[in-house]
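Engineer: There's a structure below that I have some questions on.
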Amino acid sequence: ALGELAMRAGLPPGLFNIVTGQPEEIGRTLSASDDVRMLTFTGSTEVGKLLMRQCADTVKKVALELGGNAPFIVFDDADLDMAAEGALASKYRNTGQTCVCANRIMVQAGVYDAFAQKLAARVKEMKVGVGTDADVAQGPLINEQALAKVERLVADAREKGARVLTGGRRHALGGTFYEPTVLCDIRPDMAITNTEIFGPVAPLMRFETEEEAIRLANDTPYGLAAYVYTGDLARSWRLAEGLDYGMVGVNRAILASEVAPFGGVKQSGLGREAGRHGVEEFTELKTVVIGGM
């Protein structure tokens, strides 16, 4: 499909190529080639690090969009209905299988129970099924390994004291379907808070103060996307500055735009996609000094 669209767009033959085969072999070949001056990759942090090492021998420029552990922070002055809808959109789109999905939903203590009830009620209404069917809001996970990972994370959380508000098991449809899930009483020592879930599970953590929220949110090696829901403009700026993330959405659950730079910090990657900055990633800055003419 991408190749067909490239031709329709009028790209010159040979400019856009689709290479199929073993990912490891393709990655090694592109990384080692002197003809390739830049490599861009979207995927796991583990593979991104491997490609960086392989590109070092040719001092190749890289742009990496890697994993995330996105905090979704709800303050007690937030519009809870808007925050619940935002969490629904950020957490469950594509069955939770995107790098910018909300991974840790952190709610201030004063509105924790009310928000949990609102979110769980909305999640219970989600229709699970085949994506081509009408009104379906969630499809299956990509494979059995992804399903097993979600089951393992939920089991670990429950063993350590988490409660299931809705979902929490394989869906009756079978296959790799998993019920849209909301967990509460989540703590930082649970595996689910330190792992990119990549599944339809919303773990709800409690915090007391703004400072605690920032500390908990930044307590991760990743820094791709973060979300803040508040009615206080001054607070939104403090959070935007204090969160160690490449992208911060304030009262917004969708960050991506063709005109906005997309990318992370720390172990979530290097460089930016989209917008002017995304184009500049594929260029080199040259200094020319002329004198004596």
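Here, each number is a calculation from the coordinates, and none is a lab measurement. Note that the structure is a prediction, hence the values are computed from the model and not measured. Cβ placement follows ideal geometry from the backbone for every residue including glycine, while neighbour counts extend to all protein chains displayed.
Engineer: Which whole-Hz ³J(HN,Hα) couplings does the stretch 195-202 yield from phi under the Karplus relation 6.51 cos²θ - 1.76 cosθ + 1.60, θ = phi - 60°, glycine and proline marked x?
Structural biologist: Residue by residue, the stretch 195-202 yields 10, 5, 5, 6, x, x, 10, 9 Hz.
Engineer: List every residue whose amide H lies under 5 Å from the amide H of K61, counting only residues 5 or more places away in sequence or on a different chain, with H placed 1.01 Å from N in the peptide plane.
Structural biologist: Those qualifying (amide H under 5 Å, at least 5 residues apart or on another chain) are L39.
Engineer: If the only charges are +1 at each Lys and Arg Cβ and -1 at each Asp and Glu Cβ, what is the size of the charge dipole of the chain around the Cα centre, to the nearest 20 debye?
Structural biologist: On the way: 31 positive and 38 negative charges, 63 e Å.
The dipole of the chain has a size of about 300 debye.
Engineer: Enter the angle in degrees (range 0 to 90, nearest 10) between the Cα long axis of helix 233-242 and the first principal axis of the Cα atoms of the chain, meaning the one along which they spread out most.
Structural biologist: It is inclined by approximately 60 degrees.
Engineer: A follow-up question, please. Listed highest first by mean packing, meaning other Cβ atoms within 10 Å per residue, what order do 127-137, 172-182 come in? All intermediate terms of the calculation are to be shown ahead of the outcome.
Structural biologist: Numbers: 127-137: 11.5, 172-182: 18.7.
Descending packing order for the listed peptides: 172-182, 127-137.
Engineer: I would also like to ask the following. How much FRET efficiency would the formula 1/(1 + (r/R0)^6) give for Q145 and I290, where r is the Cβ-Cβ distance and R0 is 41 Å, rounded to 0.05? Could you put the intermediate results ahead of the total?
Structural biologist: Numbers: r = 59 Å, r/R0 = 1.43.
It comes to 0.10.
Engineer: How high is the relative contact order of the chain? Use alpha-carbon pairs under 8 Å, at least six apart in sequence, and give a whole percent.
Structural biologist: Working: 544 pairs, mean separation 57.2, N = 293.
After rounding, I find 20 percent.
Engineer: Now for a separate question. I'd like the Karplus ³J(HN,Hα) series for the stretch 52-59: coefficients 6.51, -1.76, 1.60, θ = phi - 60°, whole numbers in Hz, and an x wherever there's a Gly or Pro.
Structural biologist: After applying 6.51 cos²θ - 1.76 cosθ + 1.60, I find 4, 5, 5, 6, 5, 4, 9, 6 Hz.
Engineer: ³J(HN,Hα) across the stretch 161-172 via Karplus (A = 6.51, B = -1.76, C = 1.60, θ = phi - 60°), whole Hz, x for Gly/Pro?
Structural biologist: Whole-Hz 3J(HN,Hα) from phi for the stretch 161-172: x, 5, 10, 8, 8, 7, x, x, 7, 4, 7, 4.
Engineer: K149: which lysines have alpha carbons under 25 Å from its alpha carbon, excluding same-chain residues fewer than 8 sequence positions away?
Structural biologist: Within the straight-line limit of under 25 Å, K149 reaches these lysines: K49, K91, K124, K127, K160, K266.
Engineer: Give me, ordered by chain and number, the residues 5 or more places off G249 or on other chains with an amide H under 5 Å from its own placed amide H.
Structural biologist: A226, Y227, V228
Engineer: Can you order the peptides 103-111, 202-210, 66-74 by their average number of other Cβ atoms within 10 Å per residue, highest first? Write out the running numbers ahead of the final one.
Structural biologist: Details: 103-111: 21.7, 202-210: 20.0, 66-74: 26.8.
Highest-to-lowest ranking by the protection proxy: 66-74, 103-111, 202-210.
Engineer: Starting from the Cα of T20, step 7 Å along the direction of its Cβ; do the same at T42; then give the gap between the two resulting points in nm.
Structural biologist: 2.0 nm
Engineer: Moving on. Of the candidates A157, A78, A234, which one comes out as most mobile in a Gaussian network treatment of the chain with C-alpha springs shorter than 10 Å?
Structural biologist: A234
Engineer: When the Cα centres of the stretch 229-293 and the stretch 122-193 are compared, how far apart do they sit, in Å?
Structural biologist: The stretch 229-293 and the stretch 122-193 have Cα centres spaced 32 Å from each other.
Engineer: Oh, and also: Return the FRET efficiency for the residue pair A121, R215: r is the Cβ-Cβ distance, R0 is 22 Å, and the value is rounded to the nearest 0.05. Please list the in-between numbers first.
Structural biologist: Working: r = 30 Å, r/R0 = 1.37.
That gives a FRET efficiency of 0.15.
Engineer: Report, in degrees rounded to the nearest 10, the 0 to 90 angle that the Cα long axis of helix 144-159 makes with the longest principal axis of the chain.
Structural biologist: 40 degrees
Engineer: May I ask for the angle, rounded to the nearest 10°, between helix 80-92 and the longest principal axis of the chain, with both axes built from Cα atoms and the value confined to 0 to 90°?
Structural biologist: Helix 80-92 sits at roughly 50 degrees to that axis.
Engineer: Right, something else. For the chain, set up a GNM with springs between Cα atoms under 10 Å and report which of L15, L224, L64 has the largest fluctuation.
Structural biologist: Fluctuation is largest for L15.
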